[in-house]
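So the structure is just underneath, and the comments pick up after that.
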Amino acid sequence: MKKIYYILLVLFVYSMTPDLSFSQRVLIDQDFENAGFSQDSLPTGWYQTDVDGSGLAGVVWAVRDSGLAFPAGTNPIYATRAFESLRSLTIGWRAGDPVADDWVFTNVLNIEAGDSLIFMMTLGSNSETVYIDTMQVHVCTDQDPAFSIQKLATIRSQDSLNGWEQYSFDLSDYAGQSVCLAFRYYMNTTVDGLLCYIDNVFIGNRSSVGITQNGTNIPDKFALNQNYPNPFNPTTKINFDLAKASNVKLTVYNSMGQVVMNLFNGKKPAGSYQAEFNGNSLASGTYFYRLETDFFTQTKKMQLIK
């Protein structure tokens with residue numbers, strides 16, 4: 001019993017010290033909540049360009065508060081959605097007449113093997129009418145449409161009410177290059193088009209995390225489950241449940257309370273998740289994994305045997 005108390009005390013002390021783990025490489029982790037507060041603000045280093053030049057003034061790519069009308073005047077469009085909190089990156093169908101061609105670029109980044117682009121997006125329909133929207137994702141060597149070197153995808157909205165979806169693109173093909181990522185709203189707005197919302201943009205390396213969502217059911221309580229297999233060599237799976245959206249930190253410690261790996265540190269919507277831990281670089285022994293959320297914290301023990 002005294003040993004357990006000692007381990008928990010050490011874990012608490014080390015949780016107050018700087019994180020010594022570098023398993024997650026983060027280039028951009030943008031939820032847009034602090035991306036300036038003017039109507040047409042963008043995160044620092046990002047850039048938007050109106051290629052068609054025919055849209056109604058003020059309808060360009062920008063970070064906007066939910067419920068904000070843009071542009072002001074007769075029959076305004078309202079930015080009404082964010083994945084979490086109050087703000088998202090948005091554009092409306094009045095960005096072009098008759099064709100909208102509008103780009104928004106991240107800042108230029110140095111890509112390494114294992115880096116990915118991950119973001120949440122919804123587009124296309126409102127509560128009354130079904131519209132079709134499309135969104136292109138490009139890799140560019142500079143913040144200019146002329147410098148696009150590859151279109152990663154054209155994402156088409158569903159022909160029904162659209163919910164938030166997560167999209168992920170592996171950037172390993174651009175390892176060693178300096179590139180920016182671009183979102184292109186390219187629509188014939190005389191027929192379709194309504195709004196596009198993008199939120200929670202991540203660029204970096206989460207390959208060591210291997211975190212996935214299990215199904216679509218929302219659990220009724222927070223939980224951290226025992227890893228399996230246990231004992232393990234060298235990989236094991238850790239399942240946890242989130243009853244509501246929360247900041248999530250999943251960390252592995254050794255028996256001295258030292259951080260050996262940060263499995264995840266970010267926001268997640270409500271759901272059930274599975275993370276894979278690889279202890280190939282570690283010695284045999286007892287380790288502890290700790291789940292910290294805004295509403296729930298728990299620590300469990302696991303055994304690595306080689």
**Residues of segment 196-215 that turn out to be within 24 Å of Lys151 (Cα to Cα), modelled with pLDDT under 85 and not basic (Lys, Arg), as a count** = 2
**Request:** Could you grab me the full set of residues in segment 250-306 that are exposed (fewer than 14 other Cβ atoms within 10 Å of the Cβ), within 25 Å of Met120 (Cβ to Cβ) and free of Cβ contacts under 8 Å to residues at least 60 places away in the same chain?
**Result:** Asp294
**Message:** Just the residues that are in contact with an Asp or Glu (Cβ under 7 Å, 6 or more places away or on another chain) and under 14 Å from Tyr289 (Cβ atoms), please, taken from segment 211-252.
**Reply:** Ala223, Thr235, Lys237, Lys249
**Request:** Return a yes/no flag: does segment 143-150 have any residue that is farther than 25 Å from Ala82 by Cα, acidic (Asp, Glu) and in contact with a Cys (Cβ under 8 Å, 6 or more places away or on another chain).
**Result:** no
**Message:** Anything in segment 100-157 that is loosely packed, with under 15 Cβ neighbours inside 10 Å and among the polar types (S, T, N, Q)? List them, or say none.
**Reply:** Asn110, Asn126, Ser127, Thr129, Gln150, Thr154
**Message:** Of everything in segment 252-265, what is touching a helix residue (DSSP H, G or I) at 6+ places or on another chain (Cβ under 8 Å) and on the phi < 0 side of the Ramachandran plot? Give them in sequence order.
**Reply:** Tyr253, Ser255, Met256, Gln258, Val259
**Complete:** Pairs returned, first residue in segment 169-184 that is closer than 19 Å to Met120 by Cβ and of a type outside the set (A, V, I, L, M, F, W, C), second residue that is at pLDDT 90 or above and not in a loop (DSSP other than H, G, I, E, B), beta-carbon separation under 7 angstrom, 6 or more apart or interchain, are Arg184/Trp103; Arg184/Gln136; Arg184/His138
**Request:** State whether one or more residues within segment 191-212 are without any contact (Cβ under 8 Å) to a residue 40 or more places away in the chain and either within 23 Å of the chain's Cα centre (by Cα) or at positive phi (or both).
**Result:** no
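The values are calculated or read from the model by the stated rules, or taken from the named source; none is laboratory data. Remember, it's a predicted structure, so these values are computed and weren't measured experimentally. Cβ: placed from backbone, ideal geometry, glycine included. Neighbour counts: every protein chain shown.
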